[in-house]
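Participant: Structure in structure tokens, see below.
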Amino acid sequence: MIPSVLPTYNRVPLSFVRGAGSWLETDDGTRYLDMGAGIAVNVLGHAAPELVTALTEQAQALWHVSNLYQIPQQQKLADQLVDLTFADTVFFTNSGTEAAELAIKMARKYWHEKGEDRSEIITFDGAFHGRSTGAISAVPHSEKMVKGFGPLLPGFTQVAWDDPDALAQAVTEKTAAVMIEPVQGEGGIRPLPEPALRAIRKLCEDTGALLIFDEVQCGVGRTGKLFAHEWSGVTPDIMMVAKGIGGGFPLGAVLATEAAAAGMVAGTHGSTYGGNPLGCAIGSKVLQIVADPAFLDQVNAKAGFLRQKLDALVATHPDTFESLRGEGLMLGLKCKRPCGEVVQAAYDAHLLTVPAADNIVRLLPALNISEADMAEAVDRLDRAATALETPKN
Ligand SMILES: *Cc1c(COP(=O)(O)O)cnc(C)c1O
């Protein structure tokens, strides 16, 4: 019999009743150290006091009204994002997938307004943009995501990751946009080298194609800058944000330049919940904290500390780990045994990590995790690896 919860996830038999900072607790009081943060979502940890306050204050005043009306919380968050980034304008969604949908629509509308037949969008192998029909159509090479869900939407071409020649060939006079994660998340914590990002920007400028960054996973302080692309100085025309921006409350956004958003006039797009007062009050607080240069300095210091410990771990366990990669607190351990075994052994050591493609164990902790908790996490990974390496009899 089918479970009452549609069984689209392979869940581990673990459930939590409360959380604080980087720790989660089961109903029998067992504590787990959380290095996954809800897949890069809980940027300030669980039940962050500032966010609890922002949520309860807004919850007592007003949750939802509709985009038929002015929403000051939404206006404030949009102004913050515009002040902090390349963007001139913002649309709020409830998830990354919805942000992908709008990014795709916006790029096509841009060319429609110019009277040009340019609707093709170029994406990359290993990419992940969400699970809607549009977002899976964007990655036709991903059999796991698209098989059985056809016909897919036309107009997407997926090319090899970090292959400038393949990309240059794929971009034609039909190309509306190039869509890329500056650091791939689901694809296995793969940062695109800076020169490659600059080359893509140049290619877009030469051909007119818009550049869309998907910073749903790598954005909001994760790499040590507010947005990952800031390391390279390359800016997009359109950017998708979600995961971390709500700190655990469902919230996403599409940021765009005035030129890229030109076709999105009244009536062309909408969302019932998107930009509601509750979500935006929380997002505003998250952004106020994370965008503080002193906070980002701390993220970089923490990342340096964690990397050093993890490099030592890899060196101690050459039979389990091959290498460490990633940026800031978006780290991946490339494994020499199936990454699922390492994730399971970590569960046994009461440590939460997240598997990814390319046999990677992801570490995406809260951005305010303490040094003591990071050291404890690496100790637990060390125990997990030792258990895997110890012959069973
Ligand atoms: C998680 C993710 C998405 C989809 O976000 P949802 O909120 O799950 O819809 C899109 N792009 C990237 C890079 C992601 O990591």
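Participant: For segment 191-221, how many residues are surrounded by fewer than 24 Cβ atoms within 10 Å (Cβ to Cβ) and either within 16 Å of the ligand (Cβ to nearest atom) or assigned to a strand (DSSP E or B) (or both)?
Facilitator: Number of matching residues: 4.
Participant: Name every residue in segment 222-266 that is part of a loop (DSSP other than H, G, I, E, B) and within 15 Å of the ligand (Cβ to nearest atom), in order of residue number.
Facilitator: Residues satisfying the conditions are ARG222, THR223, PHE227, PRO236, ALA242, GLY248, PRO250, LEU251.
Participant: Filter segment 228-258 for residues that are touching a residue at least 60 places away in the same chain (Cβ under 8 Å) and surrounded by fewer than 24 Cβ atoms within 10 Å (Cβ to Cβ); which is farthest from the chain's Cα centre (by Cα)?
Facilitator: So the residue we want is GLU258.
Participant: Next question. Inside segment 135-191, can you point out the residues that are free of Cβ contacts under 8 Å to residues at least 40 places away in the same chain, among the hydroxyl-bearing types (Ser, Thr, Tyr) and touching a strand residue (DSSP E or B) at 6+ places or on another chain (Cβ under 7 Å)?
Facilitator: SER137, THR157, listed by residue number.
Participant: Please go through segment 113-134 and give me each residue that is within 16 Å of the ligand (Cβ to nearest atom), surrounded by fewer than 24 Cβ atoms within 10 Å (Cβ to Cβ) and either among the aromatic types (Phe, Trp, Tyr) or in a helix (DSSP H, G or I) (or both), ordered by number.
Facilitator: THR133, GLY134
Participant: Does any residue of segment 102-112 turn out to be surrounded by fewer than 22 Cβ atoms within 10 Å (Cβ to Cβ), aromatic (Phe, Trp, Tyr) and in contact with a Pro (Cβ under 8 Å, 6 or more places away or on another chain)?
Facilitator: Scanning segment 102-112, I find no residue that is surrounded by fewer than 22 Cβ atoms within 10 Å (Cβ to Cβ), aromatic (Phe, Trp, Tyr) and in contact with a Pro (Cβ under 8 Å, 6 or more places away or on another chain), so the answer is no.
Participant: I would also like to ask the following. Taking the options GLU113, GLU120, name whichever one is touching a Gly at 6+ places or on another chain (Cβ under 7 Å), over 19 Å from LEU251 (Cβ atoms), among the charged types (D, E, K, R) and free of Cβ contacts under 8 Å to residues at least 60 places away in the same chain.
Facilitator: GLU120
Participant: Here's a follow-up. Answer with yes or no whether GLY96 is at positive phi and within 11 Å of the ligand (Cβ to nearest atom).
Facilitator: Answer is no for this residue.
Participant: Quickly run through segment 65-90 and pick out the residues that are of a type in the set (A, V, I, L, M) and touching a Ser or Thr at 6+ places or on another chain (Cβ under 8 Å).
Facilitator: Selection gives LEU77, ALA78, VAL82, ALA87.
Participant: What are the residues in segment 40-87 that are of a type in the set (Ser, Thr, Tyr) and either out of contact with any strand residue (DSSP E or B) (no Cβ under 7 Å at 6 or more places or on another chain) or assigned to a helix (DSSP H, G or I) (or both), if any?
Facilitator: THR53, THR56, SER66, TYR69
Participant: Looking at the structure I just gave you, is THR93 assigned by TED's automatic domain parsing to the domain that holds VAL159, under 21 Å from the mean Cα position of the chain (by Cα) and not aliphatic (A, V, I, L, M)?
Facilitator: The answer is yes for THR93.
Participant: Next question, about the same structure. Please go through segment 313-343 and give me each residue that is assigned to a helix (DSSP H, G or I) and free of Cβ contacts under 8 Å to residues at least 12 places away in the same chain, ordered by number.
Facilitator: Scanning segment 313-343 gives a single hit, ALA315.
Yes/no matrix, rows are residues, columns are (1) crowded, with 17+ Cβ neighbours inside 10 Å; (2) over 22 Å from GLU230 (Cα atoms); (3) among the hydrophobic types (A, V, I, L, M, F, W, C); (4) within 20 Å of the chain's Cα centre (by Cα):
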{"site": "ALA291", "(1), (2), (3), (4)": "yes, no, yes, yes"}
{"site": "LYS302", "(1), (2), (3), (4)": "yes, no, no, yes"}
{"site": "ASP319", "(1), (2), (3), (4)": "no, yes, no, no"}
{"site": "SER323", "(1), (2), (3), (4)": "no, yes, no, no"}
{"site": "LEU329", "(1), (2), (3), (4)": "yes, no, yes, yes"}
{"site": "ARG337", "(1), (2), (3), (4)": "no, yes, no, no"}
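The values are calculated or read from the model by the stated rules, or taken from the named source; none is laboratory data. Given the structure is predicted, the values throughout are model-derived calculations rather than measurements. Cβ atoms come from the backbone with ideal geometry, glycine included; neighbour counts cover every protein chain shown.
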